[in-house]
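Data block below; observations after.
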Amino acid sequence: MSLFEIKNVSKSFGDLKVLNDITVSVDKGEVVAIIGPSGSGKSTLLRCATMLETMDSGDLTYKGEYAAKNDENGKSVYAPPSELRKIKGYFGLVFQQFNLFPHYSVLKNLCDAPVSVQKRDRKEVEKEARVLISKMGLEGKENYYPQQLSGGQQQRVAIARALCMNPDILFFDEPTSALDPELTGEILKVIRQLAQEHMTMVIVTHEMAFARDVADRVIFMDGGYIVEEGRPEDVITNPKEERTQRFLARFSENG
Amino acid sequence: MSLMNVMRQIGSGFGSTLIIFFFTLLFSMPLGILVALGRMSKIKPLSVLIQGIISILRGTPLMLQLIVVFYGPYYLFGMKLSTGWRLYATLIGFSINYAAYFAEIFRAGIQSIPVGQTEAATVLGYTKVQTFVKIIFPQMVKRTIPPVTNEVITLVKDTSLAFVLAYQEMFTYAKQVSAAMSSLMPLFVAGLFYYLFNLVVTIAMDRIEKALSYYN
Ligand SMILES: Nc1ncnc2c1ncn2[C@@H]1O[C@H](COP(=O)(O)OP(=O)(O)OP(=O)(O)O)[C@@H](O)[C@H]1O
Ligand SMILES: [Mg+2]
């Protein structure tokens, strides 16, 4: 059984069809990278997976539990709120823009949701949060406010905030795109480390070398379709599809 | 009449001025938040209705609104107006009018907060209410302090409009004393009171702003 599956999802914004019958399933411990040109629907796919967008049609399951399921007319019907609330505990999302809470300290950014959403014991959560903070190389920053940190540090706080919820799977939407080039390395290092610890992850990224190194599987999207999918040495190093080849060629030219 | 006497007479209306000021803030701010939320509601008829009401409240004189509130029960329902009604009508009129202004300020404040804040909270599992109370509201308060301060300062001066309902606040006394003495001096004294009152308000709002500057 896959940990996460999104099946035959379609999604339109008005007349614009952004996702066309896309199916992705992820097993426990797997690291999946999603690549593709701008506007190909990568973020929309992640937003459907994390329920920030509602799918027009398709099924969405976590650990075999349905968050949404097609009805007989092929339209997604979402589970009742109590069920969705439970399923929300299975995943975390790291945004391109961090989206830390500016009025909360680093420690509170990590601890508030576990305490007030998951109703866990504050002392225990804080202990766990401090471990995560030092794991992210942020010792001593517990009482800082997000704005007092560099972009790279803020993104590490955001990753720690997601991890503090003990998710089964973590989604990243271009976690380094808002960072100066010299700061992307520290984020990639953290993600690499998580991969070594067998954290299940789905990462939308424009860092091809990173995707090749860290991912077990790469998905190339274009125009709302999955064009090619497979092992990174196949998709990134020896792409079969012409569209993939063109995308990757443009990529190596640009940088 | 000595200056001391004038000050005491005018000062005796200060309590009433304070009552209008304090209760207007107490009622209009929470009401303003509710109105702002209604104005941003996805239920189109509600949002349009509220938008219309806000437009009328901001587009017509407060003095007119006070008179309508005061005489409304008499002309609409033939009710007899008691003396106590003066104060209640004043507070109702002020609170509704200021709620309209605060609602627009709060709405702009809420909408200026990046949508990523709500999205992050949603993914973390916060309920809608939790998201508003813990994430959006505190940031809204900080962002809206400057325009709210402007409104509060205006309110201090607007309390003098209660004289149209013959509610005995500071300005009513000042006019009476001025007429009795055939002198402008009492009006200057009243002006000084309003000015000092606003000085205190400004300092207080400044304090609040500083207290919230622990983050950007
Ligand atoms: N809320 C929305 N309303 C209307 N159109 C949208 C919305 N969100 C995304 N789109 C459109 O859907 C398409 C796919 O967008 P999406 O953000 O998923 O692409 P992406 O692959 O993440 O691109 P990028 O690499 O630039 O982040 C784009 O054409 C975009 O303009
Ligand atoms: Mg995107």
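Looking only at residues in region A:7-16 that are within 14 Å of ligand 1 (Cβ to nearest atom) and buried (at least 16 other Cβ atoms within 10 Å of the Cβ), which one is nearest to A:ASP216 (Cα to Cα)? Ranking the qualifying residues of region A:7-16, first place goes to A:VAL9. Does region A:225-241 contain at least one residue that is assigned to a helix (DSSP H, G or I), of a type in the set (A, V, I, L, M, F, W, C) and in contact with a Phe, Trp or Tyr (Cβ under 7 Å, 6 or more places away or on another chain)? For region A:225-241, residues assigned to a helix (DSSP H, G or I), of a type in the set (A, V, I, L, M, F, W, C) and in contact with a Phe, Trp or Tyr (Cβ under 7 Å, 6 or more places away or on another chain): present. If you go through region A:163-222 and keep only what is acidic (Asp, Glu) and within 16 Å of ligand 1 (Cβ to nearest atom), you end up with A:ASP173, A:GLU174, A:GLU207, A:ASP222. Set side by side, the residues B:VAL123, B:VAL129 differ, and just one is in contact with a strand residue (DSSP E or B) (Cβ under 8 Å, 6 or more places away or on another chain) and either open to solvent by less than 10 Å² (accessible area, probe 1.4 Å) or within 14 Å of chain A (Cβ to nearest Cβ) (or both), which is B:VAL123.
Consider region B:45-86. How many of its residues are touching a Phe, Trp or Tyr at 6+ places or on another chain (Cβ under 6 Å) and part of a helix (DSSP H, G or I)? Qualifying residue count for the region: 1. Search region A:14-43 for residues being part of a strand (DSSP E or B) and of a type in the set (Gly, Ala, Ser), and hand back the single one that is farthest from ligand 2 (Cβ to nearest atom). Only one residue fits best here, namely A:SER25. Residues of region A:5-20 being of a type outside the set (Lys, Arg) and touching a residue at least 40 places away in the same chain (Cβ under 8 Å), which ones? If the condition is that a residue be of a type outside the set (Lys, Arg) and touching a residue at least 40 places away in the same chain (Cβ under 8 Å), then A:GLU5, A:ILE6, A:ASN8, A:VAL9, A:SER10, A:SER12, A:VAL18, A:LEU19, A:ASN20 are the ones that fit.
Suppose the filter is free of Cβ contacts under 8 Å to residues at least 60 places away in the same chain, closer than 30 Å to A:THR50 by Cα and of a type in the set (A, V, I, L, M, F, W, C); does B:VAL129 pass it? Answer is yes for this residue. Residues that are open to solvent by less than 20 Å² (accessible area, probe 1.4 Å) number at least 3 in the following helices (runs of 4 or more DSSP H) confined to region A:44-154: A:106-116, A:122-135. Scanning region A:62-84 turns up no residue that is within 16 Å of ligand 2 (Cβ to nearest atom) and touching a residue at least 40 places away in the same chain (Cβ under 8 Å). Only residues in region A:22-49 that are without any contact (Cβ under 8 Å) to a residue 24 or more places away in the chain count as the first member; pair them with residues that are assigned to a loop (DSSP other than H, G, I, E, B) and more than 8 Å from ligand 1 (Cβ to nearest atom), Cβ under 6 angstrom, at least 6 apart or cross-chain, and list the lot. Within 6 Å, the pairs are A:SER25/A:SER2.
Filtering region A:24-48 to residues that are of a type in the set (A, V, I, L, M) and within 12 Å of ligand 1 (Cβ to nearest atom) leaves A:ILE34, A:ILE35, A:LEU45, A:LEU46. Residue-level analysis places B:THR149 outside the set of residues that are more than 30 Å from A:HIS103 (Cα to Cα), hydroxyl-bearing (Ser, Thr, Tyr) and more than 14 Å from every other protein chain (Cβ to nearest Cβ).
Conditions (1) more than 30 Å from A:ASP15 (Cα to Cα); (2) open to solvent by less than 20 Å² (accessible area, probe 1.4 Å); (3) more than 16 Å from ligand 2 (Cβ to nearest atom), marked per residue:
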position	(1), (2), (3)
A:PRO181	yes, no, yes
A:LEU194	yes, yes, yes
A:PHE210	yes, yes, yes
A:ASP222	no, no, no
A:GLU241	no, no, yes
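Of the residues making up region A:157-179, those that are under 10 Å from the mean Cα position of the chain (by Cα), within 16 Å of ligand 2 (Cβ to nearest atom) and open to solvent by less than 20 Å² (accessible area, probe 1.4 Å) are A:PHE171, A:PHE172, A:PRO175. I'd like to check something: does region B:157-176 contain any residue that is open to solvent by 80 Å² or more (accessible area, probe 1.4 Å), away from every other protein chain (no Cβ under 14 Å) and modelled with pLDDT of 90 or more? Within region B:157-176, one or more residues are open to solvent by 80 Å² or more (accessible area, probe 1.4 Å), away from every other protein chain (no Cβ under 14 Å) and modelled with pLDDT of 90 or more. Residues in region B:157-200 that are among the β-branched types (Val, Ile, Thr), touching a helix residue (DSSP H, G or I) at 6+ places or on another chain (Cβ under 7 Å) and farther than 28 Å from B:GLY84 by Cβ: B:VAL189 alone.
A:PHE247 satisfies every condition listed in (1) under 23 Å from A:LEU93 (Cα atoms); (2) in a helix (DSSP H, G or I); (3) within 16 Å of ligand 2 (Cβ to nearest atom) except (1).
Residues in region A:160-189 that are in a helix (DSSP H, G or I) and in contact with a helix residue (DSSP H, G or I) (Cβ under 6 Å, 6 or more places away or on another chain): A:ALA160, A:ARG161, A:LEU163, A:LEU183, A:GLU186, A:ILE187, A:LEU188.
The values are calculated or read from the model by the stated rules, or taken from the named source; none is laboratory data. What you see is a predicted model, and the numbers here were worked out from it, not measured in a lab. All Cβ positions, even for glycine, are placed from backbone atoms using ideal geometry, and neighbour counts span all protein chains on display. Side chains are part of the model used for accessible areas, which takes the heavy atoms of the whole protein and leaves out ligands, DNA and RNA. Shrake-Rupley method; radii C 1.70, N 1.55, O 1.52, S 1.80 Å.
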